[in-house]
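The values are calculated or read from the model by the stated rules, or taken from the named source; none is laboratory data. Note that the structure is predicted; figures quoted are calculated from it, not measured. Cβ coordinates were reconstructed from backbone atoms using ideal geometry, including for glycine residues, and neighbour counts include every protein chain displayed. Note: accessible area is taken over every heavy atom of the protein model, side chains too, but ligands, DNA and RNA are not part of it. Shrake-Rupley method; radii C 1.70, N 1.55, O 1.52, S 1.80 Å.
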Amino acid sequence: LHNHGFWRPKPLLDTARFTLSFNSRHRKNHRDSQALWKHEAVQKYLETLSKEYQQVSHQLSADSLNDFEQRALRRRCADLSPIAAAFQEIKEAEREVRELEAMCTELDSRDEKQLLELALEEKESLDKKMNMLCRKLFQLLVPREKYDRSPVILEVTAGRTTGGDICQQFTKEMFEMYQSYADYKRWTFDIVNYTPAEIGGLHHAAAHISGENVYRHLKYEGGTHRVQRIPETGMSSRMQRIHTGTMSVIVLPQPEEVDVKVDPKDLRIDTFRARGAGGQHVNKTDSAVRIVHLPTGLAVECQQERSQQMNKEIALRTLRAKLYQQVIEKQLSQEQSARKLQLGTRAQSERIRTYNFTQDRVTDHRISYDARNIKEILSGKEALDKLINRLLEFAEIEAVTQYLENLQALEGGG
């Protein structure tokens, strides 16, 4: 607050100003929210925000402010209030942990073994509470991305391998995993396109997924997924030879209103018979629609509905979303040209995750995170949700860390 003149707020974290760098050289000391909380720069930053909240609250009671100043201060107070409250809540939990640790130090005799066990259980519970509170605080600091609440178009495509149908089978399993995950999160999962392979697998499929914070949870699924397994049939299965295959996932945010003008003269519209699994209309009528945008070469298909007109409308909506995504990509590449690894739809050439069936292990290479029990993850429920939330937490930690590093560099240079 200025002694003379109007108060000007310092900005909170602005994620557009820095990079989320998911790579193998991620910061070892900041693997969870609680570790980052203990960082000196974080403490200093939060103390500054807490003091600013107190100053703004005090300033609001002044009679000399005009309506414009009052509104500006109220907005800033509303921004800072939950952060200041979370900050104090963590401080209080931290005090409880210190008291419990001091008590554990004193409880070292055999007679007090039971009390010590209870105290250690309480400490474990407090540690979980601390991590939860720290995560909540960093979520408040890092603003949600523009499209986090948007529905998405999710596409899966089988890669190529000498292993025959291993990629197609894995692609089918992945598509079913996301379908189950949508059900687990109580989202709506509408299949837009489904092109099965000859031997029970899947070449390509797309779905429109809507619900609460869909893009927020799926935006880091985009990229190349690798599978390592012994095929169930054929020579490789008898020789116990491990084959490696890949499939790619594309996740496109689809805002409710996509304002992209498409000239009908730029479109080539083809109709064909649906190839999807099941349904009496399959291979009976030319209800499926393919639309090609001639200037860009983008092509979309839809065979979800029995009506050719409905499929055309869905395909046009998907095409607009893809064209809109190109606009987003252009903006991101201009704003974040220094980004080493781009996520979501910007990471199609990057292997982001490996599913090793022989070792029953899933590895996310961006955060060096291993999870056991592939079947649990492919079931698309709690295990997958845990992995996705770990990615989200890591993204928040990276955002806060990089912001503070940039802040320190500016202070050091100024």
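The single condition from (1) touching a residue at least 24 places away in the same chain (Cβ under 8 Å); (2) within 36 Å of the chain's Cα centre (by Cα); (3) open to solvent by less than 50 Å² (accessible area, probe 1.4 Å) that Ser57 fails is (1).
Taking strands (runs of 3 or more DSSP E) as the structural unit, those lying wholly within the range 107-224 and holding at least 1 residues that are at pLDDT 90 or above and open to solvent by less than 20 Å² (accessible area, probe 1.4 Å) correspond to 152-158, 202-210. Whenever a residue of the range 79-93 is assigned by the TED database to the domain that holds Glu47 and more than 18 Å from Gln34 (Cα to Cα), its partners that are outside any helix (DSSP H, G or I) and at pLDDT below 90, lying with C-beta atoms within less than 9 angstrom and at least six residues away or across chains, give the pairs Asp79/Pro9; Asp79/Leu12; Leu80/Pro9; Leu80/Leu12.
For the condition crowded, with 19+ Cβ neighbours inside 10 Å, at pLDDT 80 or above and basic (Lys, Arg), Lys322 qualifies.
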